[in-house]
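In what follows, a structure is listed as structure tokens, so that the remarks can point back to it.
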Amino acid sequence: MREVTFEVILRVVFGLEESARLTALRRSLRRLLGMGGTWMVVPALRRDLGPLSPWGRFVRLRAGVDALLRAEIRERRERGGPAGDGAIDVLLAEMDDGELVDALITMLVAGHETTATSLAWCFELLLRRPSLVERLRGEGEPGAARLLDAVVRETLRLRPVFRYTSRRLREPLALGGYTVPAGFAVGANVYLAQRRAADHEDPDAFRPERFLDGAPTTGAWAPFGGGSRRCLGASFATYEIGLVLRTVLSAARLRPASARPEQIALHAIVMVPGRGARVVLESRAY
Ligand code: HEM
């Protein structure tokens, strides 16, 4: 899934034209993104101890990607003539080089692993409901498009990629009898909000049909975040997931790799200022 979504976002960002630099960029980006992990938030591990240390490797790879992106931007700026068909071409006139590098990296990172994870969960949950798969495969089956959309929504409800999104407080916040001081980060737990029995009947069950009867209330479904700031790629991601699902289901007959449903690992990182971090882990087949 990662291969598919990475290729899609690369073409969205850079357009369809190919070049030796794009091939090099593809290789470096893949290695750079492959390095991401929870270890990166631990300050003690973010030390450049040479090219063999994890952070040292990361810093060097990042510099390489940065140089390739800047070269690509320079070339497109100098080329003039009709604009290409990538997001980069649209943004050239709007941003300076530094801003553009940041925007491109954000799109490349935010725009593919999230979608790949959601797609993988769609298949994993869907394949355990063979009758649903058949309805989706049925060419021209009435309501197939709506059902497909419902499958995507239900997957994002049960398996939100981001369990919470957080904000740093500019001013103190009164919350459930506590006053949270300014400067603290507060996270809204999307995972729990999407499993409230008050909002979703039989909340732990995979039942896409629930979305055919109407949309959930605000706050009861927020896999792309909520409020004044949310995911910029929500519509694009939903469209892409549906398209890949439909294409694969019509081309292949799939079955789950194991009889036992995949587990999800729930984790929370609790950071107390001055007292370090604690990671709480739990694995359950919800
Ligand atoms: C299933 C796939 C995806 C999921 C579940 C997802 C989820 C999210 C979430 C929860 C946020 C944080 C919102 C917040 O701050 O409260 C976010 C931000 C963002 N997403 Fe996505 N996303 C997905 C796909 C994409 C794609 C395909 C793109 C780009 C094409 C994208 C671009 C972004 C960007 C640029 C932001 C930052 C927005 C900002 O801070 O203003 N995302 N996404």
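The values are calculated or read from the model by the stated rules, or taken from the named source; none is laboratory data. This structure is a prediction, so every number in the text was calculated from the model and none was measured. Cβ sites come from the backbone with ideal geometry, for glycine too, and all protein chains shown count toward neighbours.
I need the full set of residues from region 8-62 which are modelled with pLDDT of 85 or more and within 16 Å of the ligand (Cβ to nearest atom), in order please.
If the condition is that a residue be modelled with pLDDT of 85 or more and within 16 Å of the ligand (Cβ to nearest atom), then Val8, Ile9, Leu10, Arg11, Val12, Val13, Phe14, Gly15, Leu29 are the ones that fit.
Where in region 116-206 are there helices (runs of 4 or more DSSP H), lying fully within it, with 3 or more residues that are farther than 19 Å from Arg253 by Cα?
The helices (runs of 4 or more DSSP H) meeting that bar are 144-158, 190-193.
Give the residues of region 6-21 that are buried (at least 16 other Cβ atoms within 10 Å of the Cβ) and within 26 Å of Val59 (Cβ to Cβ), sorted by residue number.
Across region 6-21, the qualifying residues are Phe6, Ile9, Leu10, Val13, Phe14.
Of the conditions (1) in contact (Cβ under 8 Å) with a residue 24 or more places away in the chain; (2) assigned to a helix (DSSP H, G or I); (3) crowded, with 17+ Cβ neighbours inside 10 Å, Val109 fails just one. Which one is it?
(3)
Among the residues of region 22-57, which ones are of a type in the set (Gly, Ala, Ser), farther than 22 Å from Arg70 by Cβ and surrounded by 13 or more Cβ atoms within 10 Å (Cβ to Cβ)?
Matches in region 22-57: Ser53 only.
For region 112-144, give me the residue count where each residue is among the small types (Gly, Ala, Ser) and in contact (Cβ under 8 Å) with a residue 24 or more places away in the chain.
4
Checking Ala265 against (1) within 17 Å of the chain's Cα centre (by Cα); (2) surrounded by 17 or more Cβ atoms within 10 Å (Cβ to Cβ); (3) more than 16 Å from the ligand (Cβ to nearest atom), which single condition isn't satisfied?
(2)
Restricting to region 21-51, give me the number of residues that are of a type in the set (Gly, Ala, Ser) and in a helix (DSSP H, G or I).
Residues meeting the conditions: 4.
In region 1-40, what count of residues is obtained for those that are hydrophobic (A, V, I, L, M, F, W, C) and under 26 Å from Glu124 (Cα atoms)?
Within region 1-40, residues that are hydrophobic (A, V, I, L, M, F, W, C) and under 26 Å from Glu124 (Cα atoms) number 8.
Considering each residue of region 130-158, count those that are of a type in the set (D, E, K, R) and modelled with pLDDT of 95 or more, and give that number.
Of the residues in that region, 3 qualify.
Can you tell me which residue within region 211-244, out of those that are away from the ligand (no atom under 12 Å from the Cβ) and part of a helix (DSSP H, G or I), is farthest from Trp121 (Cα to Cα)?
Phe211
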